[in-house]
There are 4 protein chains.
Amino acid sequence: MSGSTFGNCFKITTWGESHGAGVGVVIDGCPAGLSLCEEDVQIYLDRRKPGQSKFATPRKESDTVSILSGVFEGKTTGTPISMMIANENQRSKDYSEIASLYRPGHADYTFDQKYGFRDYRGGGRSSARETAARVAAGAVAAKLLEGFGIRFTTYVKSIGHVSIDPERFDASMIAQNALNMPDALAAQKAQEHLEKCMKKRNSCGGVIECVITGVPAGIGEPVFDKLDACLAKAIFSIGAVKGFEIGSGFEAASSTGLENNDAFFYAKDGRVQKETNHAGGILGGISDGTDIILRAAFKPTPSIGAPQKTVNKNGETINIQIKGRHDPVIVPRAVVVVECMAALTIADLALANMGAKYGSLQDFYL
Amino acid sequence: MSGSTFGNCFKITTWGESHGAGVGVVIDGCPAGLSLCEEDVQIYLDRRKPGQSKFATPRKESDTVSILSGVFEGKTTGTPISMMIANENQRSKDYSEIASLYRPGHADYTFDQKYGFRDYRGGGRSSARETAARVAAGAVAAKLLEGFGIRFTTYVKSIGHVSIDPERFDASMIAQNALNMPDALAAQKAQEHLEKCMKKRNSCGGVIECVITGVPAGIGEPVFDKLDACLAKAIFSIGAVKGFEIGSGFEAASSTGLENNDAFFYAKDGRVQKETNHAGGILGGISDGTDIILRAAFKPTPSIGAPQKTVNKNGETINIQIKGRHDPVIVPRAVVVVECMAALTIADLALANMGAKYGSLQDFYL
Amino acid sequence: MSGSTFGNCFKITTWGESHGAGVGVVIDGCPAGLSLCEEDVQIYLDRRKPGQSKFATPRKESDTVSILSGVFEGKTTGTPISMMIANENQRSKDYSEIASLYRPGHADYTFDQKYGFRDYRGGGRSSARETAARVAAGAVAAKLLEGFGIRFTTYVKSIGHVSIDPERFDASMIAQNALNMPDALAAQKAQEHLEKCMKKRNSCGGVIECVITGVPAGIGEPVFDKLDACLAKAIFSIGAVKGFEIGSGFEAASSTGLENNDAFFYAKDGRVQKETNHAGGILGGISDGTDIILRAAFKPTPSIGAPQKTVNKNGETINIQIKGRHDPVIVPRAVVVVECMAALTIADLALANMGAKYGSLQDFYL
Amino acid sequence: MSGSTFGNCFKITTWGESHGAGVGVVIDGCPAGLSLCEEDVQIYLDRRKPGQSKFATPRKESDTVSILSGVFEGKTTGTPISMMIANENQRSKDYSEIASLYRPGHADYTFDQKYGFRDYRGGGRSSARETAARVAAGAVAAKLLEGFGIRFTTYVKSIGHVSIDPERFDASMIAQNALNMPDALAAQKAQEHLEKCMKKRNSCGGVIECVITGVPAGIGEPVFDKLDACLAKAIFSIGAVKGFEIGSGFEAASSTGLENNDAFFYAKDGRVQKETNHAGGILGGISDGTDIILRAAFKPTPSIGAPQKTVNKNGETINIQIKGRHDPVIVPRAVVVVECMAALTIADLALANMGAKYGSLQDFYL
């Protein structure tokens, strides 16, 4: 069976491993006539690139994308867009010792159990490097959505126990600090926390929040392909995610109907609005025209330099210290991955929604 | 587009509305030769049935399932299993007034925006009644999984701010109280909390937890169809879910790698075990052979009798009090729905996993 | 795995066996707002109904359809349309003797090989009765397509060696004779041929042709989901089909480029036209705006009363004479099945095509 | 929507145009542990390569495949296998004049209608060059099937009116003549016929036949995903195919049940056999254990040097003579494409079939 394809209408298939020739993606179903060039994609990849701060792996990868098909004279043609990001900095020797053991918190053991063996170099297919291909595809989805007014604001909400203060929220700060936090003070505290972690050769988790504005009402399919269900799958398919929320999320579970229901009212422009947005912009699995708000909890990077207990394939329980160049915290680099998975989900369901009304079909064909 | 199908190998398609002829499901891809009768399914439906306590809607529905195809001489034939649960207790008059207004927290507005109109009787397709069809299908999935040792323990973890105490956890209590809580004292406190809510014609949310034992290592596909990602979608497709976690969930985000990594060791029987299970039984999207643990946060029932502000279709902002027979809390009845969606997900991925190794294919055909 | 679902956007799932409770279909993805009632579907089912001439099985089935969901106040709601046709005339005793043997030309042997056993009553799931569910779904697809000018003319082109004469083609004759041939003289000759077959307790094959007018240019997806490829699968999924052609079909293989290419020209109304239509209305897998022409070859009904050699499950090679009520020729009743499968294919691809241009997406959402 | 993906279990996605960077394919779902190297794929691509006889385009392309992912230490890893074939011989100038006109028999007009514009260089995505990616994927499928005894014999059955004589059938001749015919005399006559065509700057069609041995009984899913239906779609998705048959094909339509039914008998080894094989190895959409026989009718190459009438985009009806390097007959090079599409279909359904019996699932997991 296969699991490397996401989406039905705007369908992507990723490929590639940490230490192979590269990683790549094929987008099938992107509408024809969208302006697209490599620079549009590169700016998203640059947000994910390693080596940009002391809180990210010092590996150097230029992560340069090539568009191999599907674009002609600066526009998408409607046929598959194939993109590739070559691997440059492959130090296989770093990984040779992990061939025979199972790192805690990694997929080494489960890949061996599933497939009988694994490409052990740098995590192979389960490496976070795989997300570069998602980001390339997500950049195209985001460009498509931008064309009808949908925009994303994504940031780190917390690192360890350090959370942003909503009162100090400043979106312009997100790109101004190494941790992509929209609160300068929280970013400062989080950096201090991370430095302590790094001294102990330990790592740290965090929460990413994404706010999507401009999504028209009506996107999402009832029952199994609800917008929130599809977002949940999209975000949970990112390696280190352990929790996902829409709107009030887990807080809704301890609130009452009176508190949690969002009252509708007519705004002066005649549009239906809500007084609050506990729903996070989704009712019955369908967008309601207000901001979509989602959060993802990321576990700490499992690769840590501190000593750990584990097993090898010879039947021995052993102690290890993982070497190599790892991110002490994954969330700053994962911000753009969350944004891209959200964009891919909404692009897919926005296309699916075009056939919801018979009248639209008649308008299209008559 | 469509959204009423779930799964690729063990594929289900549900249909039906709150006040139509009934709700139903077609299972396509159930292997041939599984013993199955209506009673196997009915026991699951009975766990979801309304009218069983004062904390559930007093509507009376027998929710009797009929198997219409796919079973011959007591065994599944490998062809589609069609099941139907007729609607009995349709009091359309209860719902006539909601035709022209949008209830807060419901899908009335979004269905109208998406489709141009809606079946307004009892929520139509967005009614929780739709989940009866999922439960019927899930009962078959659970029976199939039981045949190779997979079992589910699902319960209410919290209602409002009342949570179970892990030290008082007693699985035998789950079926002993109206709230399906595995802690008699917490159940008592939660009932008191609910009674207060009901007096105020208010409602309440809660958290459901599901522990799945016996899942062999290797189930789940890398990248987009990770076991946790598929579970996230499955559970988030249940109407009132606003949050989802695996293992440590959101707590992982504030922990460190040293705390969160689960150390492997060899048990006396030679099997690989983990000292802890923060991962919730899944590494890299693939089951690791230990218990799978998931949680879902449910929002409070949006239908409440207390006065609320909303809009009608005539452009007026109005006040309403929702009449009718509603659950003051949805989680006790949703326990079996969560369990069934988890079973459907695992059955689907267990079938998908059969082709993971070339050797298995050769064993099958040679 | 599953095989009872067809289509991606206009998706149908059929269920049911010859001698179970009935056969049915769930349509998911039908746009909202299409006028639909049971009579719309019944007129298609009546074209397929047995017992209407001496050239069809004398079994009496009213084949009355019930719409169980997805229609409200006379219009489709956008949610699944579930339809059921109850089985009435189940004479299981007719079939009891075939439980232990494999009828030549039937699926008895292959079902046993695949699933380990089979529902042997009347062919079970492999019975032609399954096509009633397709016809119910196809009636809805045809109604949808009619709304933007697409129409179907489907008929028997030949029975045995008796073919219609294109010069005597008269569409108004199709419904006037028991064999659905658009040529009264050919119909007469074919009836004589069939009567001879029936005297010998033998059966006969034939060819069905379908001409689809009004299909706009642009429908069909390049590469694997070409319109002709999807039609090929749709038609070949009907039990007895052994050959399929588009346009010139096999004749194209013995012609030259000069003969087979259709010259384009501008018609007086400024539209692009073709001087001929060897392509059958499809170029590069995409409709070109001219008539779509397809043909399907049906094998003779395998159930014949004449003595045949076969095997039973006890390891014996035996002689049998099949009893029961069988169609001496399947093609007249299969005409509406071919038409419905073609309609389902085009409805599905017409919906898929709505997102082909980025401008359409912007028009829809801006 | 998308159309560049084929298969559910053994799923392939192709990309690339005639004059872009190259063509490629991602295989997702190939089981882990299959020995695979580039040479395994290259031998299939070499069978399709242009420039090998005077009956094929003289374009020189080495068509060298690179495996970019999914293979580690000589074995497939179970993760996506990405392969690319770079374009080398791109003479865009040859095609510049076709930008503004619609070649008869080509997809120029329909692509413009569907997408608003097209990559006009060498047919863009609708070029036969796209089939190189299918062949690369098909080589992997064929290698997989070889491992449990499935083998393909594929050849040209006829070119124009020149057909092979079954009595002179000699499989060893297929690779011995430029036309891939298993009958030396027919090959000689066909070459003479083709030379006449070429002198007139005309082209010619033909028929390809494929015989698949060793397919175990049980492959194929009932109803819509019948083995023959899936093969029909697979083969009809090749650009120039206009007709498809299984077993007796169109001849079955003029035969009787007595003639067409294949009598079962027990062979001396106790296996069920058939006296004839009019069914072409498939009953009820499921393989019956005997040879699968299929045929595809290919239209003549539409690109011909002789003068033709057509239209340009300025509203003019014009005369053209197509220049450039084209195949006077496509069938010899298409032999391997047919074989590969058949292999992809059977590999996909062979994987799907592993879950047909509940007992198999228990064997796998217990």
Exercise. Determine the residues within the range C:24-56 where the difference in accessible area between the chain on its own and the full set of protein chains amounts to at least 40 Å²; count protein heavy atoms only and use a 1.4 Å probe.
Key: C:26, C:28, C:31, C:32
Self-check item: Too-long pairs where the Cα-Cα distance tops 20 Å, listed order kept, from C:54/C:323; B:226/C:226; C:157/D:157
Solution: B:226/C:226; C:157/D:157
Quiz item: Ignoring ligands, DNA and RNA, what percent of the 1.4 Å accessible area of the range A:232-366 is carbon and sulfur?
Solution: 47 percent
Quiz item: Once the Cα atoms of the range D:197-342 are picked out, what are the Rg and Dmax in Å?
Solution: 20.3, 72
Exercise. Report, in order of residue number, the helices in chain C meeting two criteria: a C-alpha extent of 20 Å or more along the helix axis, and a mean Kyte-Doolittle hydropathy of at least -0.5; treat each whole DSSP H run as one helix.
Key: C:131-146, C:331-352
Self-check item: Debye intensity ratio in log₁₀ form over the Cα atoms of the range C:61-201, taken at each q of 0.17 Å⁻¹
Solution: -1.15
Quiz item: Where does chain C land at 222 nm, in deg cm²/dmol rounded to the nearest 500, when only DSSP H runs of n ≥ 4 count, each adding -39500 (n - 2.57), divided by all residues?
Solution: -8000 deg cm²/dmol
Quiz item: Which of the residue pairs C:313/D:357; B:75/C:309; B:274/B:299; A:196/A:299 have a Cα-Cα distance greater than 25 Å in the structure shown?
Solution: B:75/C:309; B:274/B:299
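If I compute solvent accessible area with a 1.4 Å probe over the protein chains, what percent of it on the range C:6-88 is carbon and sulfur?
Numbers: 1210 of 2410 Å².
The computed percentage sits at 50.
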Exercise. Would you please give the residues with an amide H less than 5 Å from that of residue D:105, counting only those at least 5 places away or on a separate chain, with H modeled from the backbone geometry?
Key: C:262
Self-check item: Protein accessible surface hidden between B and A, which excludes ligands and nucleic acids, total in Å², probe 1.4 Å
Solution: 8500 Å²
Exercise. First select every other residue whose beta carbon is under 10 angstrom from the beta carbon of residue A:356; then total the charges, Lys and Arg +1, Asp and Glu -1.
Key: +1
Quiz item: Considering only B:139, B:232, B:25, whose Cα is most displaced toward the positive end of the charge dipole of chain B, charges sitting on Cβ of Lys, Arg (+1) and Asp, Glu (-1)?
Solution: B:25
Quiz item: Counting Lys and Arg as +1 and Asp and Glu as -1, each charge on the Cβ, what is the dipole of chain D about the Cα centre in debye, to the nearest 20?
Solution: 1420 debye
Quiz item: Rounded if a/c is under 1.5, else prolate if a/b is larger than b/c, else oblate: which is the range B:225-264, with a ≥ b ≥ c the root eigenvalues of its Cα gyration tensor?
Solution: oblate
Exercise. Using the 7 Å Cα-to-Cβ label point, sort the distances from residue A:53 to its equivalents in the other copies shortest first and give them in nm to one decimal.
Key: 4.8, 6.5, 7.9
Practice problem: Give me the aspartates and glutamates in straight-line cross-link reach of residue A:199: C-alpha distance below 12 Å, same-chain residues under 8 apart excluded. | Solution: none
Quiz item: What whole-number value in cubic angstrom gives the convex hull volume per residue for the C-alpha atoms of chain C?
Solution: 166 Å³
Exercise. Taking 50 Å² as the minimum loss, tell me which residues in the range D:239-255 lose that much accessible area going from the chain by itself to the full protein complex (1.4 Å probe).
Key: D:242, D:250, D:253, D:254
Exercise. Work out from phi, with θ = phi - 60° and the Karplus expression 6.51 cos²θ - 1.76 cosθ + 1.60, the ³J(HN,Hα) of each residue of the range A:271-284, listed in order in whole Hz, and give x for Gly and Pro.
Key: 8, 6, 10, 10, 6, 10, 9, 5, 6, x, x, 9, 10, x
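Size of the dipole of the range A:24-64 about the Cα centre, Lys and Arg at +1 and Asp and Glu at -1 on the beta carbon, nothing else charged, in debye to 20?
Rounded to the nearest 20 debye, it is 400 debye.
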Exercise. Taking a label point 7 Å out from Cα toward Cβ, give me the nm distances from residue A:324 to the same spot in the other copies, shortest first, one decimal.
Key: 4.8, 5.4, 6.2
Exercise. Using a 10 Å cut-off on Cβ to Cβ distances, tally the other chain neighbours for every residue of C:198-208 and report the average as a whole number.
Key: 4
Quiz item: Rounded, prolate or oblate: which fits the range D:9-138, taking a ≥ b ≥ c as square roots of the Cα gyration tensor eigenvalues, rounded meaning a/c under 1.5, else prolate when a/b beats b/c?
Solution: prolate
Quiz item: So what is the relative contact order for chain A, in percent, with contacts set as C-alpha pairs under 8 Å and at least six apart?
Solution: 21 percent
Quiz item: Are there trypsin sites (Lys or Arg not before Pro) in the range D:240-333 that DSSP puts in a loop and that have at most 10 other Cβ atoms within 10 Å, and which ones?
Solution: D:268, D:271
Quiz item: residue A:332: net charge of surrounding residues, Cβ under 10 Å, Lys/Arg +1, Asp/Glu -1, itself excluded?
Solution: +2
Practice problem: Please find, in a Gaussian network model of chain B (springs between Cα atoms separated by less than 10 Å), the residue of B:135, B:311, B:26 whose mean-square fluctuation is greatest. | Solution: B:311
Practice problem: With springs only between Cα atoms under 10 Å apart, run a GNM on chain B and tell me which of B:228, B:288, B:165 wobbles the most. | Solution: B:165
Exercise. Let me know the shape class of the protein assembly as shown, please: from the alpha-carbon gyration tensor, a ≥ b ≥ c as square roots of the eigenvalues, rounded when a/c is under 1.5, otherwise prolate if a/b is greater than b/c, or oblate.
Key: prolate
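What does the average come to when, for each residue of peptide A:278-289, you count the partner chain Cβ atoms lying within 10 Å of its Cβ? Mind showing how you got there, number by number?
Values: counts 5, 6, 1, 0, 3, 14, 16, 10, 10, 3, 5, 3.
Going residue by residue through A:278-289 and averaging, the value is 6.
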Exercise. Kindly provide the pair-distance distribution of the range A:166-279 built from C-alpha pairs, with 10 Å bins from 0 and whole-percent values in order of increasing distance.
Key: 10, 27, 37, 20, 6, 1
Quiz item: Mind checking the mean number of beta-carbon atoms from other chains within 10 Å of the Cβ atoms in C:60-72?
Solution: 4
Quiz item: Taking residue C:268 as the anchor, which aspartates and glutamates have their alpha carbon closer than 15 Å to its alpha carbon, excluding any fewer than eight residues away along the same chain?
Solution: D:316
Exercise. About the Cα centre of the protein assembly as shown, how large is the charge dipole given +1 on each Lys and Arg Cβ and -1 on each Asp and Glu Cβ? Please answer in debye to the nearest 20.
Key: 0 debye
Self-check item: Average accessible area per residue (Å²) across the protein assembly as shown - probe 1.4 Å, nucleic acids and ligands excluded
Solution: 31 Å²
Quiz prompt | Sequence-separation-based contact order of the range B:263-309, relative, with Cα cut under 8 Å and 6+ spacing, percent | solution = 22 percent
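The values are calculated or read from the model by the stated rules, or taken from the named source; none is laboratory data. Being a predicted model, the structure only gives us computed values, none of them experimental. Positions of Cβ are generated from backbone atoms using ideal geometry, with glycine treated the same way; all protein chains shown enter the neighbour counts. Accessible surface is based on the protein model in full, side chains and every heavy atom, while ligands, DNA and RNA are left aside. Shrake-Rupley method; radii C 1.70, N 1.55, O 1.52, S 1.80 Å.
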